[in-house]
């Protein structure tokens, strides 16, 4: 996670192609790599229900911050 820009790099997501100049360590040409995406575009995967869901944060009755599923309101452990 890149905290200063609120972006994350996820393996296999948002692949980009870049042209690379040759250097003494590597050969030039096209290179594919993952680019960063904003953290608001990231969702968790629920394997039981086979769906992606967004996560929100709220304060419960005890004053502790907890994460919850935004679509159903269920608290996430």
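Quick check on my filter: what residues within the range 41-66 are outside any strand (DSSP E or B) and over 30 Å from residue 19 (Cβ atoms)?
Of the range 41-66, the ones outside any strand (DSSP E or B) are 41-43, 47-50, 54, 60-64.
Selection gives 43, 47, 48, 49, 50, 54, 60, 61, 62, 63, 64.
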Q.
Name the residue that is surrounded by the most Cβ atoms within 10 Å (Cβ to Cβ), counting only residues in the range 32-50 that are at pLDDT 90 or above and more than 16 Å from residue 11 (Cβ to Cβ).
A. 38
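With the requirement that a residue be within 20 Å of the chain's Cα centre (by Cα), in a strand (DSSP E or B) and over 28 Å from residue 72 (Cα atoms), what does the range 18-40 give you? Break it down stepwise before answering.
The first filter runs over the range 18-40 and keeps only residues within 20 Å of the chain's Cα centre (by Cα), leaving 32-40.
Adding the requirement that they be in a strand (DSSP E or B) leaves 32-34, 37-38.
Within the range 18-40, 32, 33, 34 qualify.
Starting from residues that are in a loop (DSSP other than H, G, I, E, B) and loosely packed, with under 10 Cβ neighbours inside 10 Å, keep the ones in the range 2-17 and report whichever is nearest to the chain's Cα centre (by Cα).
If we filter the range 2-17 for residues that are in a loop (DSSP other than H, G, I, E, B), which is where we start, we get 3-6, 9-14.
Those still in the list that are loosely packed, with under 10 Cβ neighbours inside 10 Å too: 3-4, 11-12.
On the way: 3: 12, 4: 15, 11: 9, 12: 11 Å.
Going through the qualifying residues, I end up with 11.
The values are calculated or read from the model by the stated rules, or taken from the named source; none is laboratory data. All of these numbers come straight from a predicted model, not from anything done at the bench. Every residue, glycine as well, gets a Cβ built from its backbone with ideal geometry; the counts of neighbours run over all protein chains shown.
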